[in-house]
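Okay, structure first, notes after.
The values are calculated or read from the model by the stated rules, or taken from the named source; none is laboratory data. Source: prediction; values computed, not measured. Neighbour counts are summed over all protein chains in view; Cβ atoms, including those assigned to glycine, are modelled from backbone coordinates with ideal geometry.
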Amino acid sequence: MTMAKRVGTLVGRYEIDSELGRGAMGVVYRARDPRIDRTVAIKTVSLLGLEPDAEQEYRERFVVEARAAGRLSHPRIVTIFDVAEDPYTLTPYIVMEYVSGRSLEEVLCTENGILPLDTALQVTQELAEALDYAHAQGIVHRDVKPSNIIVAEDGHPKIADFGIAKLNAPDLPQTGRTLGTPAYMSPEQLRGDPVDGRSDLFSLGVILYQLLTRHRPFPRAAIHRWTTEETYRQTGTASSLSRAPWGLQSRSVIPAERTIRSRMLFHSASHGNN
Ligand SMILES: Nc1ncnc2c1ncn2[C@@H]1O[C@H](COP(=O)(O)OP(=O)(O)OP(=O)(O)O)[C@@H](O)[C@H]1O
Ligand SMILES: [Mg+2]
């Protein structure tokens, strides 16, 4: 079944109502849980293109990560209610709190790309408190960015997709899966090094900068240059790489750099200036 056709059908016991948006992993729907009689948001994940072993491993990790993020209970974090696979299509999905509002990305698009100082500081402080809570439980978001922050109708933000970014499969450039969003990623995450809560705080700092100035501190070209130079520094292959055509380069450089490039290429194609 194609994703668009899910509207009006069931995923598990949930009645799909409308599509809320699409990301790198799949589609997010608004749905109704008939058992509890409440509106929920459902993120379905497309596993197209995965090898059977990778698919099985992914399904297992999906449940583990959703369970970890599902332990979080905080007013500024989108609560996870359920994780399952549709019995007919076997599509994995996560059921979460539905937040009526607009993502910070949409807010920035419509509010002239800038927020009043008081609002920007208030939103940032609330997000920092939510991150502090999650980090104290050992959970790192890894993809803090405006589309993962939903500003509810009461003006308060909620962070979505906690821990889920880890589930994006970076070795699948053909499906456009990405791990984090380069414009908001910390240097250690761009390098593919282990990350902790400080990496999320770096992303929050990028968001605050953007909320106040309308610009991102690190334009994509600068990030691309930095990752390339960093890779050259680590591998010491600058002189040969600078002469080699793209295909040869990608065989010579460390896998992390290939991954970063494919993420950036995907994001340039699908997210405009992300
Ligand atoms: N719990 C929710 N309640 C209401 N809307 C939501 C919820 N979760 C996600 N959305 C909306 O669905 C859209 C798609 O979300 P999704 O996480 O799939 O992609 P993304 O965050 O935009 O991008 P990426 O996949 O690159 O991380 C988001 O823009 C958001 O506005
Ligand atoms: Mg998201």
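Tabulated data for the structure shown
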{"item": "Residue tally, condition in a helix (DSSP H, G or I), of a type outside the set (Val, Ile, Thr) and touching a Lys or Arg at 6+ places or on another chain (Cβ under 9 Å), over region 110-130", "result": "4"}
{"item": "Positions within region 40-55 being more than 11 Å from Val95 (Cβ to Cβ) and part of a strand (DSSP E or B), in sequence order", "result": "Val45"}
{"item": "Some residue of region 195-204 being touching a residue at least 60 places away in the same chain (Cβ under 8 Å) and more than 19 Å from Pro146 (Cβ to Cβ)", "result": "yes"}
{"item": "Positions within region 23-67 being of a type in the set (D, E, K, R), out of contact with any Asp or Glu (no Cβ under 9 Å at 6 or more places or on another chain) and surrounded by 15 or more Cβ atoms within 10 Å (Cβ to Cβ), in sequence order", "result": "Glu55, Glu65"}
{"item": "One residue from Gly138, Gly113 being without any contact (Cβ under 8 Å) to a residue 24 or more places away in the chain and either on the phi > 0 side of the Ramachandran plot or within 17 Å of the chain's Cα centre (by Cα) (or both)", "result": "Gly138"}
{"item": "Residue in region 92-124 that is modelled with the lowest pLDDT, counting only those that are buried (at least 20 other Cβ atoms within 10 Å of the Cβ) and more than 16 Å from ligand 2 (Cβ to nearest atom)", "result": "Leu115"}
{"item": "Lone qualifier among Ser73, Ser18 - being within 12 Å of ligand 1 (Cβ to nearest atom) and of a type in the set (Gly, Ala, Ser)", "result": "Ser18"}
{"item": "Matching residues in region 125-153 - criterion: being at pLDDT below 95, within 16 Å of ligand 1 (Cβ to nearest atom) and small (Gly, Ala, Ser)", "result": "Ser147"}
{"item": "Every pair of residues 6+ apart whose Cβ atoms lie under 6 Å, when the first sits in region 10-38 and is in contact (Cβ under 8 Å) with a residue 24 or more places away in the chain and under 16 Å from Tyr88 (Cβ atoms) while the second is more than 11 Å from ligand 2 (Cβ to nearest atom) and of a type in the set (Gly, Ala, Ser)", "result": "Gly12/Ala84; Tyr14/Ala31; Ile16/Ala31"}
{"item": "Qualifying residue in region 56-70 (condition: in a loop (DSSP other than H, G, I, E, B) and either over 19 Å from His141 (Cβ atoms) or in contact (Cβ under 8 Å) with a residue 60 or more places away in the chain (or both))", "result": "no"}
{"item": "Exclusive hit being away from ligand 1 (no atom under 14 Å from the Cβ) and in contact with a strand residue (DSSP E or B) (Cβ under 6 Å, 6 or more places away or on another chain), set Val63, Val45, Val28", "result": "Val63"}
